[in-house]
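S.K.: Before we start, here is the structure in question, set down as structure tokens.
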Amino acid sequence: MTRELHLNLFISGRGHHETAWRHDGSARRALTDIAHYRDLALAAEAAKFDSVFFADQLALGDEVEHAARGDLEPITLLAALATLTERIGLIATASTTYSEPYNLARQFASLDHISGGRIGWNIVTSWVPAAAANFSLERQHEHAERYARAFEFVDVVSKLWDSWAADAIADDRESGRYADAGRVRKIGHRGEHFQVAGALNVPRSPQGRPVFVQAGSSTTGRGFAARYAEAVFTAHLQKESAIEFYSDLKTQTRALGRRADQIVVLPGISAAIGSTEAEAARVWEELNELSHPSVGLARLKSRFGGHDFSHLKLDQVLSVDDFPDPSLVQASQSRAQAITALVARERPTLRALLHGLAGARGHFTATGTPEQIAATIEDWFVSGAADGFNVMPPILPTQFAIFAEHVVPILRKRGLFRSEYADQTLRERYGLDPVASAFFDADETYRQRSA
């Protein structure tokens with residue numbers, strides 16, 4: 001089977017650059033207007049993208065005066081988009097730290113039914129320190145503690161999604177038999193973090209469960225991804241680090257007895273595209289000219305678990321000594337490591353660093369013509385750095401329109417990307433195996449008993 005490039009549209013406000021909301025090329029609709037997200041999802045569906053994706057944070061943040069914040073809650077948003085789209089996959093972020101397994105399992109099973117099997121769950125442990133105070137906690141749980149809870153959380157929801165056989169519902173009006181109670185099981189989970197009786201009160205969904213998506217790239221995050229993830233959104237500033245991550249994750253996946261093709265690696269790419277290189281470069285210049293230093297400093301502080309950078313001068317050349325040890329950061333360790341590696345490699349000024357992170361927050365940024373962007377995507381794809389990309393346009397909708405209208409046709413001409421959808425479920429589109437059922441071993445006995 002020919003390897004196929006996967007493309008996902010990461011929808012964030014009016015674009016991934018923090019000043020996109022002020023740019024003339026961005027949407028004018030409110031961030032709470034469903035039409036904004038509907039139009040982007042339909043545009044991605046028309047371009048035959050695999051899916052659209054929504055991140056989430058559970059705290060407002062301190063930069064709301066100069067940054068667009070306050071968009072819709074993603075699980076609710078997916079329910080609406082599921083009725084407005086037909087084929088494109090829909091992925092929402094939900095936290096294992098600030099959710100309960102039973103509620104989350106109900107929500108995502110319902111979404112998978114509503115969408116006809118197009119749902120993915122982006123599993124996060126929530127790195128933003130300020131979230132803890134919104135959930136009756138005095139402090140944020142430490143990195144290792146959050147992941148310990150996450151491992152058990154995924155185990156519990158997996159059991160809940162598997163507590164119904166696919167054929168449990170008979171819906172036989174004549175006999176008065178709605179379901180076969182023997183095909184629905186309590187899970188009886190008792191663990192360190194959760195005690196859940198089950199069964200789930202939503203039947204088995206079209207995919208069996210949502211596609212598992214994960215975004216952490218720390219050592220612990222990689223181990224979690226190798227065990228559970230089926231698609232990984234990862235951030236890399238250089239192709240070399242992306243290749244190392246890709247190879248390591250696939251190796252860890254195989255070591256756990258999984259096939260490497262059962263985990264799709266999708267680095268983020270935020271591309272400024274123009275008819276010439278100069279025109280594309282001007283996109284970043286226009287966006288950076290609109291930036292406010294307080295937004296970048298607030299984001300940097302959050303990435304490093306609350307470390308204060310306000311004493312640094314904007315035009316000061318940075319060194320790694322200006323940053324805390326990223327291995328001790330209790331927020332986003334992988335992103336902190338990427339930022340300090342960039343500082344060690346390039347020695348930027350604080351202003352230059354903030355401008356660089358404003359566009360994609362540690363993801364790869366590209367600048368060029370459609371042909372150049374397509375060539376970069378192909379290079380990463382064939383070099384073992386990616387199975388596809390999490391496309392993060394700096395301005396929405398204009399930069400995505402250029403990507404869809406000019407980059408995607410080039411990828412098709414090169415035989416890398418589909419022209420039509422062939423599969424209905426998101427799981428099928430990613431080339432993933434069906435989800436095994438706990439009832440599978442008993443299926444033959446069941447059929448003989450029911451004959």
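S.K.: Please state which one of A44, A67, A59, A27 is at pLDDT below 95, out of contact with any Asp or Glu (no Cβ under 7 Å at 6 or more places or on another chain) and either on the phi > 0 side of the Ramachandran plot or among the small types (G, A, S) (or both).
M.R.: The unique qualifying residue is A59.
S.K.: Got a sec? Which of A374, A422, A404 is hydrophobic (A, V, I, L, M, F, W, C), surrounded by 19 or more Cβ atoms within 10 Å (Cβ to Cβ) and without any contact (Cβ under 8 Å) to a residue 60 or more places away in the chain?
M.R.: So the residue among A374, A422, A404 that is hydrophobic (A, V, I, L, M, F, W, C), surrounded by 19 or more Cβ atoms within 10 Å (Cβ to Cβ) and without any contact (Cβ under 8 Å) to a residue 60 or more places away in the chain is A374.
S.K.: Would you point out the residue of region 21-56, among those that are in a helix (DSSP H, G or I) and basic (K, R), that is farthest from R118 (Cα to Cα)?
M.R.: Narrowing region 21-56 to residues in a helix (DSSP H, G or I): 21-22, 34-46.
When the remaining residues are screened for being basic (K, R), the result is 22, 38.
Numbers: R22: 33, R38: 16 Å.
The residue in question is R22.
S.K.: With buried (at least 21 other Cβ atoms within 10 Å of the Cβ) and acidic (D, E) as the only criterion, which of D50, D62, D56 stands out?
M.R.: Answer to the check: D50.
S.K.: Suppose the filter is within 29 Å of G362 (Cα to Cα), surrounded by fewer than 20 Cβ atoms within 10 Å (Cβ to Cβ), modelled with pLDDT under 95 and among the hydroxyl-bearing types (S, T, Y); does T251 pass it? Full working, then the answer.
M.R.: On the way: within 29 Å of G362 (Cα to Cα): yes; surrounded by fewer than 20 Cβ atoms within 10 Å (Cβ to Cβ): yes; modelled with pLDDT under 95: no; among the hydroxyl-bearing types (S, T, Y): yes.
Against the criterion (within 29 Å of G362 (Cα to Cα), surrounded by fewer than 20 Cβ atoms within 10 Å (Cβ to Cβ), modelled with pLDDT under 95 and among the hydroxyl-bearing types (S, T, Y)), T251 does not qualify.
S.K.: Now a separate question. Condition first: more than 28 Å from L200 (Cβ to Cβ) and part of a helix (DSSP H, G or I). Now tell me which residues in region 142-162 satisfy that.
M.R.: Scanning region 142-162 gives H143, A144.
S.K.: Separate question: Output the helices (runs of 4 or more DSSP H) that fall wholly within region 224-333 and possess 3 or more residues being touching a residue at least 12 places away in the same chain (Cβ under 8 Å), more than 20 Å from P394 (Cβ to Cβ) and of a type in the set (S, T, N, Q), or say none.
M.R.: Fully inside region 224-333 and qualifying: 239-255.
S.K.: Can you tell me which condition V382 does not meet? The list is (1) buried (at least 21 other Cβ atoms within 10 Å of the Cβ); (2) under 27 Å from Y430 (Cα atoms); (3) of a type outside the set (D, E, K, R), and all the others hold.
M.R.: Every listed condition holds for V382 apart from (1).
S.K.: Quick one: in region 274-331, of everything that is hydroxyl-bearing (S, T, Y) and crowded, with 16+ Cβ neighbours inside 10 Å, which residue is nearest to H143 (Cα to Cα)? It would help to see each step written out before you state the result.
M.R.: Keep residues of region 274-331 that are hydroxyl-bearing (S, T, Y), which gives 275-276, 291, 294, 302, 310, 319, 327.
Filter once more, keeping what is crowded, with 16+ Cβ neighbours inside 10 Å: 291, 302.
On the way: S291: 31, S302: 14 Å.
Among those residues, the one meeting the criterion is S302.
S.K.: Name the residues in region 88-141 that are in a loop (DSSP other than H, G, I, E, B), surrounded by fewer than 17 Cβ atoms within 10 Å (Cβ to Cβ) and of a type in the set (A, V, I, L, M), would you?
M.R.: Hit for region 88-141 is L137, nothing else.
S.K.: Sticking with this one: Residue by residue through region 344-366, note down the ones that are of a type in the set (A, V, I, L, M) and over 12 Å from M392 (Cβ atoms).
M.R.: Selection gives A344, L350, A352, L353, L354, L357, A358.
Yes/no per residue for (1) at pLDDT below 95; (2) of a type outside the set (D, E, K, R); (3) more than 21 Å from the chain's Cα centre (by Cα); (4) not in a strand (DSSP E or B):
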position	(1), (2), (3), (4)
L342	yes, yes, yes, yes
A352	yes, yes, yes, yes
A366	no, yes, no, no
F403	no, yes, no, yes
E420	no, no, yes, yes
R427	no, no, no, yes
A442	yes, yes, yes, yes
Q448	yes, yes, yes, yes
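S.K.: In region 127-147, which residues are modelled with pLDDT of 90 or more and either among the polar types (S, T, N, Q) or closer than 22 Å to A197 by Cβ (or both)?
M.R.: The answer is N134, S136.
The values are calculated or read from the model by the stated rules, or taken from the named source; none is laboratory data. Bear in mind that the values here come from a model prediction, so they are computed numbers and not experimental data. A quick note on method: Cβ atoms are made from the backbone with ideal geometry, for glycine too, and the neighbour counts reach across all protein chains shown.
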